[in-house]
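Inspection log for the structure reproduced underneath, given as structure tokens.
Every number in this text was worked out from the coordinates using simple rules, so none of it is lab data. Fair warning: this is a prediction, and the values are worked out from it, not measured in the lab. Because the Cβ atoms are built from the backbone with ideal geometry, glycine has one as well, and the counts that use them run over all protein chains shown.
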Amino acid sequence: MSMIPPPASVGMHVSDVDTPALIIDLDALEANIARMQAAVSGTAARLRPHAKTHKSTTIAHMQVAAGAVGVCCQKVSEAEIMADGGIDDICISNEVIGKRKIDRLAALARRVTLSVCVDDPANVTDLADAAQRYRSDVGVLVEFNVGMNRCGVETPQEVVRLAEIIAGHRRLRFAGLQAYHGSAQHLRHYEDRASAISQAVAKVNEAKTYLTRSGLNCEVIAGAGTGTFEFELASGLYNEIQAGSYVFMDADYGLNENRDGRLFDRFENSLFVLATVMSRPVPDRAVVDAGLKSFSVDSGLPRLVGHPSAEYVRASDEHGRIAISGQSHIKLGDKVRLIPGHCDPTVNLYDWFVCIRNQVVEAVWPVSARGATV
Ligand SMILES: Cc1ncc(COP(=O)(O)O)c(C=O)c1O
């Protein structure tokens with residue numbers, strides 16, 4: 001099997017990095033990790049950042065060293081890679097369906113503290129059977145739909161029913177509620193995000209009351225993303241914050257607004273794609289070597305940094321078209337930085353992070369769980 005070599009080596013100047021390359025500004029990454037941890041420390045909640053964003057055991061360790069309790073993963077294969085990399089407390093914030101995956105999950109629970117989400121009684125039985133066979137213990141959260149309309153049961157009564165079924169299995173432990181409101185994260189106005197989360201909090205509160213009345217201890221209430229974590233934190237009800245994108249930020253999150261109407265600036269952009277101008281055919285157009293295979297564009301096109309009169313306007317497989325409206329110094333061979341529209345799926349397109357400080361490559365890290373979508 002041939003392995004794609006890293007596009008840079010330590011000590012190189014950023015202008016010598018081969019492109020397209022996924023680059024991390026280390027000062028910004030470290031500041032983001034510290035800022036989110038500072039927001040959570042001192043409250044009753046714990047930070048369990050989502051590793052689906054960075055897929056990097058190195059960054060996961062930086063988050064744990066800063067005070068995170070462990071990480072969330074979305075897939076069993078992602079969790080296996082985090083565990084192999086030494087992360088020992090993992091929540092799979094997702095449902096895991098199918099014998100092969102569930103067997104792997106039960107095996108993994110022998111090596112790390114592991115929890116998973118459910119929204120169906122048959123899935124609980126399958127998890128319990130596997131945990132029994134592998135003699136492992138699995139924490140189980142009931143996923144509750146608090147407005148996102150993805151997975152999750154709808155009513156407090158269903159929450160209690162599932163929690164009772166979980167609690168009835170010797171190798172499973174009812175751990176609490178998974179109550180992530182994904183569709184609130186990118187509501188542009190602060191008040192709209194606040195209002196969506198206040199409705200989610202009311203639902204969670206009701207479910208917790210039902211659980212308490214039924215004698216079930218709801219230890220964990222997990223959820224929150226980069227767009228809304230301050231509201232879940234302020235609720236005093238959510239006690240595990242699973243934000244992910246804050247480590248990198250992206251162009252889509254950059255369009256959210258703060259309370260004062262200014263653009264969301266709590267975290268810095270630390271993730272960029274470095275691209276090279278490969279053609280400059282006419283005055284109002286430049287073409288870079290990064291297109292659809294270098295960015296995920298589901299949440300919008302990448303944003304060009306440092307060239308106010310130029311804009312990334314179209315992506316094809318291996319090309320990105322830059323429209324130039326006024327005077328621009330962009331010339332053939334220039335390296336430009338682009339902020340991806342959506343950080344998570346962009347990261348999954350790369351094998352390596354090239355980590356930069358003061359314009360010099362300080363480290364090259366593998367995207368450890370790249371392609372771990374099983
Ligand atoms: C279940 C779950 N929790 C947390 C997150 C993290 O959200 P964000 O990356 O917006 O901070 C996600 C992101 O999709 C998610 O699906």
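By the rule of a C-alpha distance below 25 Å, with chain neighbours fewer than 8 residues away ignored, the lysines paired with LYS101 are LYS52, LYS55, LYS75. The Cα-based radius of gyration of the range 252-374, divided by its Kirkwood radius, gives an Rg/Rh of 0.98. Projecting label points 7 angstrom from Cα along Cα→Cβ for HIS186 and GLU30 puts them 3.2 nm apart. For THR373 and SER214, the difference between the fully extended length at 0.36 nm per residue and the C-alpha to C-alpha distance is 53.5 nm. Percent of C-alpha pairs per 10 Å bin in the range 257-307, short distances first: 18, 41, 28, 13, 1. Just checking the listed ones, ASP317, ASP120, ASP289: in the Gaussian network model of the chain with Cα springs under 10 Å, the one fluctuating most is ASP317. Apply the Debye scattering formula to the chain, with a single equal point scatterer on each alpha-carbon and no solvent, then give log10 I(q)/I(0) at q = 0.12, 0.14 Å⁻¹. Here log10 of I(q) over I(0) equals -0.91, -1.16. A helix-only calculation puts the chain at -9000 deg cm²/dmol for mean residue ellipticity at 222 nm, using -39500 (n - 2.57) for each DSSP H run of at least four residues, averaged over all residues.
Think of the range 193-298 as having a plus end and a minus end, set by charges on the Cβ of Lys, Arg, Asp and Glu; of PHE295, VAL273, PHE231, PHE231 sits farthest toward the positive end of this dipole.
Dipole size of the range 100-179 about its Cα centre, with +1 on Lys/Arg Cβ and -1 on Asp/Glu Cβ: approximately 560 debye, rounded to the nearest 20. In this label model, GLU268 and SER325 are separated by 2.8 nm, measuring between points 7 Å along each Cα→Cβ vector. Spatially, the range 72-102 and the range 103-162 are offset by 12 Å when compared through their Cα centroids.
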